Every structure is written in C-alpha cells, then in structure tokens.
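Everything below concerns the one structure shown next.
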Amino acid sequence: MSDVMDNFHWLHGQPTSQGAIKVLPEHFVVKENLGFSFAGHGEHFMVKIRKVGENTKYVVNELAKACGVKSRDVSWAGLKDRHAVTEQWLSVHLPGKADPDLSQFEAEHPGVIVLETARHDKKLRPGDLQGNWFELRLTELEDSADILRRLEQVKALGVPNYFGEQRFGHGGNNVVKARAWGNDEFRVRDKSKRSFYLSAARSWLFNMVLSARIEQQKVHSVLEGDCLQAPERSDFTLIEAVSDEWQAKVDAGELAITIPMVGDNALPSAGEAEAFEMAVIEAEPLLLKLIRDNRMRHERRPALLKPTELAWRQEENDIVVSFALPAGCFATSVVRELMQVREQEGRTYANSDQ
C-alpha cells in the first residue's frame, strides 16, 4: 500500500511482519450480503454473478446488451473490484418481458458466471447493501506467528474503522485536490469528481480524529460529550456525564463511540469530546471550508470495527482469513492491523471494499 495510510495510527501497534495479498485474484474473495429477500415477482430481473478479471460497470454494460436494454436499466448495490473473485447481484428492469436466456452472455464472457436469477418488485440501488463477506489469502509472510497473535487481538478488540486508501486516490491525490478546491484554486463541475473530492475530504477528517483518539489512548474510553451509537442505528445518544454504566455498555459492544463525518452544521458532540474533535478538524481549514461550502450533512460513524464471522487457518506458509464487514467498511483496514503489505512491481493488491 502507499504511504497515505501512514498518517494514521494503528490500534495494535504498527505491524513488523511483511506479506502480500492478492497475488492472484482468487486470493481475494468477496461475496455481498444484501440483507433482504426478493419478492419472487415484479418488473426487475435479478441476476447473481460471480466474476473474475472484470469490473462491475463493464459487466453491467454487457448484461444490458444481452437483455436488450440500455445500461441505465441495469443497477447494482455495490461496485466490486476487478482483481478479485467477487459475487454480487445486478437488477435489470424488464417490465412485461420474460426472463432472458443468458447462456450466450456467459459464453462470450468467460470471466462471468451466472449463479442464480430471481424477480423482484424494486430495483437495486447503491447503498442497498448490508455488507460483504471476505476471504483473503495472506502470502509471502515473514512472521506468521506475529500475524496469528494480531488476529487474536483483532478478534478481541477490533480494528480502527478507517476509510481505506482507495477513498483518497493514488498517493492521496483526492485529498490534495479537495484542499485546492477548498482554496478556490479551481472549480469542479464534473459530478463524479465532486463526489470523489468531497468524500475524500470528510473521510480524511474522520480518519484524523480517530487516529488522534488512538494516539492519546482515548478510543476505548467514553469522554464527556461523546455521541454513542447502537449497532445498525444512525441516531445516537449524547453523553452529558461519563459514568461506569455508559462505559460498560461500550465495553460490552452495546454502544459504540462515534467519530464525526463533518457537515456544514455544528458538531452534535459537546464538552470534552467536541473540543477534542474540533482541535483536529480545524487543523484542516481548507477541507472544512469545502465541506461547509457544499452544505454536506453531518453524520457519525463508529470509531472501531469488529469483524464478524472472523476465522483463520494456516496452510503451509500462507494464512487464510475470512470475516464479514458492514457496508462502507474496508477489508484493507483489517489487513493493515495484521501486516505491512509488500509492494512489488507488476502486482496488484487489494484496493476495493465496496
């Protein structure tokens, strides 16, 4: 990985062991979990695919041709990496039409297999994703024993819920551009670029606040004025006074300490927590100005991420790790706590967790 993430502290200390991921596509497997069942009827033809060596948007365009519709009639819940083995659902809007035969589509695209089809009364939309299940093969390991020890720590305490380096662009370029835009050095009219830069700005500030709490050993401790959030909830509880009861709920995983996804309004935190957050955020005035100028809505995101279904096994010199994460969380944030990813020319490593 690049040095972009070196700006942020590790929860379990910086790993000393090096290794590789995604030397081969089959070393990085992703299966999405929509979290709901299909109606069994409706205008939308649902197609579950397994793909290798193709990105989602390319498959969408080719599936649209096979179904005789335009690309905009095919939608998805999340984009999946090209350099991996991934399974996901696509929906095709086919009102009043029979289910198409996709055998020719499969024959023409050997990197894509149709696993299942169904019907539903709503199309898939970005964000209709509960999470993803991952299986990663860690190879070329220098110190397997250290990685196994760290896996036990991750199982017990989780990892920082950082946005991964892919959010920030190659070498952090999206953050650089966001600062320049916030400094009124240029205008951004392209919608996709606006989205990239704004997302990078908020994600960078989130990571910086989280990193500061880790550095000061405050990531596990409730502060006065913290916003605590229950699992799978977007609302939160403002802690006006720290108590053993609130700390016990955090320790038990019933509530999570949250970090700001900064918006144009005042932080909802208060007291000690607000002062801590603002001290970090105000160190990036151009990013803060950009977010406020574009009237982004304030949100909160849990500070720590605890992978579920976490399991691992050692196969000769490799370690195979599997786990599930909620949508919007990054498998690379888990790997980062286990080992340093060795960069080698001509190899592609994991860079997508959508």
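Taken together, the values in this text are just the output of simple stated rules run on the coordinates, not laboratory data. These numbers were taken from a predicted model, which means no experiment stands behind them. Here Cβ is always computed from backbone atoms with ideal geometry, including for glycine, and neighbour counts include all displayed protein chains.
Assorted remarks:
- Karplus-derived 3J(HN,Hα), 6.51/-1.76/1.60, for each residue of the range 318-325, Hz, glycine and proline x: 9, 10, 9, 10, 10, 6, 10, 10
- Against the empirical curve 2.2 N^0.38 Å, the C-alpha radius of gyration of the range 196-329 lands at a ratio of 1.17.
- Membrane-span-like helices in the chain, defined purely by DSSP H runs whose alpha carbon atoms cover 30 Å or more axially and whose average Kyte-Doolittle hydropathy reaches -0.5, are 191-215.
- Derived value for the chain: Kirkwood hydrodynamic radius 21.9 Å. Basis is the mean of 1/r over every pair of different alpha-carbon atoms.
- For K289, the lysines whose Cα comes closer than 23 Å to its Cα, not counting residues fewer than 8 places off in the same chain, are K177, K191, K193.
- Distances between placed amide hydrogens fall under 5 Å for G169 paired with N174, all partners being 5 or more residues away or on another chain.
- Semi-axes of the equivalent ellipsoid for the range 1-120, computed as √(5λ) from the eigenvalues of its C-alpha gyration tensor and ordered from largest down, come to 35, 16, 12 Å.
- With all pairs of separate Cα atoms included, the range 163-236 yields a Kirkwood hydrodynamic radius of 14.3 Å.
- Summary value for the chain: 25 percent relative contact order, contacts being C-alpha pairs under 8 angstrom separated by 6+ residues.
- Comparing H12, H41, H220 in a Gaussian network model of the chain, where Cα atoms under 10 Å apart are tied by springs, the biggest mean-square fluctuation is seen for H41.
- Computed packing ranks the peptides 114-123, 232-241, 138-147, 299-308 as 299-308, 138-147, 114-123, 232-241, most packed first, by mean other Cβ atoms within 10 Å.
- Bridging of K122 to aspartates and glutamates at a Cα separation below 17 Å is possible for E43, D73, D99, once same-chain residues fewer than 8 apart are set aside.
- Overall form of the range 1-66 per C-alpha gyration tensor (a/c, 1.5; a/b vs b/c): prolate
- Tail weight of P(r) past 17 Å, computed on alpha-carbon pairs of the range 69-131, percent: 50
- Among beta bridges that DSSP assigns inside the chain, antiparallel share in %, nearest 5: 90
- Anisotropy class of the range 197-237 from Cα gyration tensor, a/c 1.5 cut: oblate
- Bins of 5 Å, starting at 0 and running to the largest distance - Cα pair percent for the range 261-316: 4, 14, 19, 21, 11, 6, 6, 6, 6, 5, 1
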